[in-house]
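First the structure, in the form of structure tokens, and then the observations on it.
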Amino acid sequence: MRMEPEPLAFTTPEGDPVTWEVEAEPYHDPFERRLTLVVQGTKIVQRRVPRSEGRDREHLYDLLENEARMGARLLTRLGRSYPVELPRLIGYSLDVAEPFVLLSDYRGEPVSRFSGALLIAEQRALQASLFRAVRLLSACGIVHRRIEPGTVRWDGSAVQVTDLSHATLIGARRLRLGEAPYASPAQRAGHGRAATADDLWSAGVVIYRTVTGREIADRPDLTAAPSLQPIHDVFSDGPPSAREVLARLRAPDPMQGVPDGHDLGLEEGRAAFDRARAARREPVAEETVTQVQPVQEQPPQPWWARWLPLAVLIVLVFVVWMVSR
């Protein structure tokens, strides 16, 4: 059934207001739906916070804003040649009753659907692509913190890591987040500072689970999985970097072709987003109600108080007259 086009107004990552005509598919859940651009026919994903959900769970607004903020950071650093492994921010609208972000359409299927069913070549491609995503995030100073089967998709040749709503910056204080086996022990405990090691652990567990099809409670045992030996030490106390893992997998570093400079237009857009975000977080001044205070009645004056000023004046006049005689 064809849906009627509807206008969609939002702000681009560069900070420009635009309006597109889209055809919207039904919501798969209250937070997400796919849209088709009427002109190009391109599909995008709209993630939102419904008013009914945000009323009772205000932290959902913070997660949505974080998705936009991290998406803008990735765009600024990685430029227009955006990697297939990461979701691309299209735009956002955060100052409406039901705020939303727009992302490039998802690719592939959740990696959990391929558990234990990948060929040898696909297993190596999965490892290289997922650690490529971790390397890209790390180079942008980001820790995803929720790499797990529900946020990793696979299309047969490359992964796509979705949902940046829980991401943080490298060096930020660790918070207790996630569960075993996908969250690292340090992240589960909330000790220290967020680091790429957290994402390396999570990516390693996702790969182990997808390649072997085995359920695990905590730390995987890779001794019986020869194809996973290049990632054996991502679960150690001193894990390698994502770039080192890629080298073991004989995969090139994806940051080699990325220029060091930032896109000035996107930098300005990020600054505009930060200003809008800060303004939205300022407490709204409560309406001031001016109350009229009743005039307090003064106690009645004695009769002589009313004539006292006149008596003083007469005395002064008399004194002056006596002196001037």
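The values are calculated or read from the model by the stated rules, or taken from the named source; none is laboratory data. Keep in mind that what you see is a predicted model, and the values were worked out from it rather than measured. Here the Cβ positions follow ideal geometry from the backbone for every residue, glycine too, while neighbour counts run over all protein chains shown. Protein only, heavy atoms only, side chains kept; ligands, DNA and RNA dropped before computing areas. Shrake-Rupley method; radii C 1.70, N 1.55, O 1.52, S 1.80 Å.
Would you check if there is a residue in the stretch 149-163 being part of a strand (DSSP E or B), surrounded by fewer than 19 Cβ atoms within 10 Å (Cβ to Cβ) and of a type in the set (Lys, Arg)? No, the stretch 149-163 has no match at all.
Matching residues to (1) under 19 Å from Glu14 (Cα atoms); (2) open to solvent by 10 Å² or more (accessible area, probe 1.4 Å); (3) over 17 Å from the mean Cα position of the chain (by Cα):
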{"position": "Arg55", "(1), (2), (3)": "no, yes, yes"}
{"position": "Tyr61", "(1), (2), (3)": "no, yes, no"}
{"position": "Arg77", "(1), (2), (3)": "yes, yes, no"}
{"position": "Leu89", "(1), (2), (3)": "yes, no, no"}
{"position": "Leu94", "(1), (2), (3)": "yes, yes, no"}
{"position": "Ala97", "(1), (2), (3)": "no, yes, yes"}
{"position": "Ser129", "(1), (2), (3)": "no, no, yes"}
{"position": "Arg146", "(1), (2), (3)": "no, yes, no"}
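Evaluated against (1) crowded, with 20+ Cβ neighbours inside 10 Å; (2) more than 29 Å from Pro252 (Cβ to Cβ), Leu103 falls short on exactly one condition, (2). When the stretch 186-212 is filtered for residues that are in contact (Cβ under 8 Å) with a residue 40 or more places away in the chain and charged (D, E, K, R), the ones remaining, listed by number, are Asp198, Asp199, Arg209.
Working only within the stretch 158-176, note down all residues that are out of contact with any strand residue (DSSP E or B) (no Cβ under 9 Å at 6 or more places or on another chain) and within 20 Å of Ala68 (Cα to Cα). It would help to see each step written out before you state the result.
In the first step, residues of the stretch 158-176 are kept if they are out of contact with any strand residue (DSSP E or B) (no Cβ under 9 Å at 6 or more places or on another chain); the result is 158, 166, 176.
His166 - this is the single residue of the stretch 158-176 that is out of contact with any strand residue (DSSP E or B) (no Cβ under 9 Å at 6 or more places or on another chain) and within 20 Å of Ala68 (Cα to Cα).
Confirm whether Ser202 is hydroxyl-bearing (Ser, Thr, Tyr) and either modelled with pLDDT under 95 or surrounded by fewer than 21 Cβ atoms within 10 Å (Cβ to Cβ) (or both).
Numbers: hydroxyl-bearing (Ser, Thr, Tyr): yes; either modelled with pLDDT under 95 or surrounded by fewer than 21 Cβ atoms within 10 Å (Cβ to Cβ) (or both): no.
So Ser202 does not fit the description; no.
Do we have Val111 as surrounded by fewer than 19 Cβ atoms within 10 Å (Cβ to Cβ), closer than 20 Å to Asp155 by Cβ and aliphatic (A, V, I, L, M) here?
When the stated conditions are applied, Val111 does not pass them.
Among residues of the stretch 9-37 that are in a strand (DSSP E or B), those with a beta-carbon under 6 Å from a residue that is open to solvent by 40 Å² or more (accessible area, probe 1.4 Å) and among the aliphatic types (A, V, I, L, M) at least six positions away or on a different chain give the pairs Thr19/Ala9; Glu21/Val38; Glu23/Met3; Ala24/Met3.
Which of the residues that make up the stretch 131-144 are open to solvent by 30 Å² or more (accessible area, probe 1.4 Å) and under 17 Å from the mean Cα position of the chain (by Cα)? Talk me through it step by step, then tell me what you get.
Taking the stretch 131-144 as the starting set, the residues that turn out to be open to solvent by 30 Å² or more (accessible area, probe 1.4 Å) are 132, 135, 138-139.
Residue satisfying the conditions is Ser138 alone.
Here's the yes/no breakdown for (1) open to solvent by 50 Å² or more (accessible area, probe 1.4 Å); (2) of a type in the set (Val, Ile, Thr); (3) in a helix (DSSP H, G or I); (4) touching a Pro at 6+ places or on another chain (Cβ under 6 Å):
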site: Arg209; (1), (2), (3), (4): no, no, yes, no
site: Ile216; (1), (2), (3), (4): no, yes, no, yes
site: Asp221; (1), (2), (3), (4): yes, no, no, no
site: Ala224; (1), (2), (3), (4): yes, no, no, no
